[in-house]
1. Could you work out the equivalent-ellipsoid semi-axes for segment 2-113, taking the square root of 5 times each eigenvalue of the Cα gyration tensor, largest first, in whole Å?
2. For the chain, take the longest principal axis of its alpha carbons; what is the angle in degrees between that and the long axis of helix 2-41, to the nearest 10 within 0 to 90?
3. Quick one: angle between helix 74-98 and the longest Cα principal axis of the chain, in degrees between 0 and 90, rounded to 10, please.
4. Working from Cα positions, state the angle (0 to 90°, nearest 10) between the long axis of helix 44-69 and the longest principal axis of the chain.
5. Could you work out how far the C-alpha centroid of segment 14-37 sits from that of segment 42-121, in angstrom?
6. Cβ neighbours within 10 Å, averaged per peptide: list 78-87, 39-48 in order, most packed at the top.
7. Relative contact order (percent) for the chain, with alpha-carbon contacts under 8 angstrom and 6 or more residues of separation?
8. In which sequence would Ile23, Ile59 go, from the one with the fewest C-beta neighbours within 10 Å to the one with the most?
Amino acid sequence: MDTVAGHWKARFFTIWTGQQLSIVGSRAAQFALVWWLTTTTGSATVLASASLVALVPQIVLGPFVGALIDRWNRRLVMIVADSFIAPVSLSLAQTFRTGVMQVWRVYVAWIATADGPFAAT
């Protein structure tokens, strides 16, 4: 009986730890992008519109998608979400590396991930 109880706890905490690290990374990336927007544009309007772009998908889609996701396989949802967020993250990293980063790319990433950049599931 104890081995069964210990088994689910180990699996749970492995997934939980991974998701917590993902959230920390996502929030660090979000902070870095906000900082970049601030230093690049110096515009409060850009920051306000970026906030709207990041929040509107959550506000509009959240109640509907949240109810659906609760009915779906959570493991599959995490895999699909993280598999989508990875190329978005890599494309932003590539644009920074090549020096072609533009404000609109941040907006697109925030819309695509529906929670600021690199949303953690």
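Since every read-out is calculated from the coordinates, none of them should be taken as a lab result. Computed from a prediction, not measured in an experiment: that's the story for all the values here. Neighbour counts are summed over all protein chains in view; Cβ atoms, including those assigned to glycine, are modelled from backbone coordinates with ideal geometry.
1. On the way: eigenvalues 208, 61, 31 Å².
Sorted largest first and rounded, they come to 32, 17, 13 Å.
2. 0
3. Tilt relative to the chain: about 30 degrees.
4. 30
5. So the two Cα centres are separated by 12 Å.
6. Values: 78-87: 14.2, 39-48: 11.3.
Ranking the peptides 78-87, 39-48 by packing returns 78-87, 39-48.
7. Numbers: 67 pairs, mean separation 46.7, N = 121.
Value for the chain: 39 percent.
8. Details: Ile23 14, Ile59 9.
In increasing order of surrounding Cβ atoms, one gets Ile59, Ile23.
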